[in-house]
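Participant: The structure under discussion is supplied below as structure tokens; questions concerning it will follow.
The values are calculated or read from the model by the stated rules, or taken from the named source; none is laboratory data. Note that the structure is a prediction, hence the values are computed from the model and not measured. Don't worry about glycine lacking a Cβ; one is built from the backbone with ideal geometry, like all the others, and counts go over all protein chains shown. We work out accessible area using only protein heavy atoms, side chains counted, and drop any ligands, DNA or RNA first. Shrake-Rupley method; radii C 1.70, N 1.55, O 1.52, S 1.80 Å.
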Amino acid sequence: MYEKSTHRVAFQAAGLPGCVVCHSNHGITHPTDAKLAPGPQAVCMQCHTPGDACDQARAEMLTGLIRLDSAVKDADKMLGIAESSGMEVSQARLDEDQARDSLTKARVTIHSFRKDLVDQDIQEGLKLAAKNLQAGKNALAERDYRRRGLGYALLFILITVVGLFLYIRQSERKMPNR
């Protein structure tokens, strides 16, 4: 992706080694979204001016990554609650892996330096995360429905047992003593 990007040409023209500009030389650091954020770990701001077109694209890509990461975590939390309640969410868990893969793919696609390509991966991931979140909500609604049904059944059983007890007690009173 980097080889097809505009940064390759710009880095070559400036005599800069491609990967090293963003990832350093021997002390390769673990890539994080912080590399796109403003601040000491930001690599984009070493060359770009705050507010220029590239800076705006950087900010939009970062916002998209944060949204997708948050959506994946929210879905994971919801599915975790449903799963710990004994609900079947295995298909949603498999789909959750795809949403995480979309996040990873979007982070890799950053190397193309094309916001439209990164957005495609982010949108795909957001759709999957929303689907997974809904699956978790549906599972919790089903759990609540089952609990209400169980409560009604237990109440009916209790009323029946009390009724039988009172009926037997009344029948014993009507019987002559022996």
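Participant: What is the local net charge at Y167, summed over the other residues whose Cβ is closer than 13 Å to its Cβ (Lys, Arg +1; Asp, Glu -1)? Spell out each step's value before the answer.
Facilitator: Values: positive: R169, R173, K174; negative: E172.
Computed value for this residue: +2.
Participant: Might you tell me the accessible area per residue for segment 22-134, computed with a 1.4 Å probe and given in Å²?
Facilitator: Accessible surface, normalised per residue, equals 57 Å².
Participant: Here's something else I'd like to know. Angle, helix 90-109 long axis vs. longest principal axis of the chain, Cα atoms, 0 to 90°, nearest 10?
Facilitator: The two axes meet at around 10 degrees.
Participant: What does the extension gain come out to for E60 and L154, with contour length at 0.36 nm per residue minus their alpha carbon separation? Intermediate results must be reported in sequence, preceding the final value.
Facilitator: Working: separation 94, 0.36 × 94 = 33.84 nm, distance 5.44 nm.
Using 0.36 nm per residue and subtracting the Cα-Cα distance, I get 28.4 nm.
Participant: Now for a separate question. Using a 1.4 angstrom probe and counting only protein chains, how large is the accessible area of K127 in Å², to 10?
Facilitator: Surface open to solvent at K127 totals about 150 Å².
Participant: If each residue of separation counts as 0.36 nm, what is the full-extension length gain between V108 and A13 once their alpha-carbon separation is subtracted?
Facilitator: Here the segment from V108 to A13 would lengthen by 31.8 nm.
Participant: Tell me, what HN-Hα J-couplings in whole Hz come from the Karplus equation 6.51 cos²θ - 1.76 cosθ + 1.60 at θ = phi - 60° for each residue of segment 42-55, using x for Gly and Pro?
Facilitator: 5, 9, 5, 6, 5, 10, 9, 8, x, x, 6, 4, 5, 5
Participant: Under a plain spin-label model, where a point goes 7 Å from the Cα along Cα-to-Cβ, how far apart in nm are K131 and C47?
Facilitator: 3.7
Participant: Please list 3J(HN,Hα) in residue order for segment 126-131, calculated via the Karplus relation 6.51 cos²θ - 1.76 cosθ + 1.60 where θ = phi - 60°; whole Hz, with x for glycine and proline.
Facilitator: Working through the residues one at a time gives 5, 4, 5, 5, 5, 4 Hz.
Participant: Roughly how many debye, to the nearest 20, is the charge dipole of the chain about its Cα centre, given +1 on each Lys and Arg Cβ, -1 on each Asp and Glu Cβ, and no other charges?
Facilitator: 1160
Participant: Given a 1.4 angstrom probe, I'd like the percentage of the accessible area of the chain that is carbon and sulfur, rounded to a whole number.
Facilitator: Ligands and nucleic acids excluded, carbon and sulfur reach 61 percent.
Participant: How much length, in nm to one decimal, is gained on full extension between E88 and E142, taken as 0.36 nm per residue of separation minus their Cα-Cα distance?
Facilitator: Net length gain for the segment: 18.4 nm.
Participant: Tell me the mean residue ellipticity at 222 nm calculated for the chain from its helices only (DSSP H runs of n ≥ 4, each -39500 (n - 2.57), averaged over every residue, nearest 500).
Facilitator: Taking each H run of at least 4 residues, the total per residue is -25000 deg cm²/dmol.
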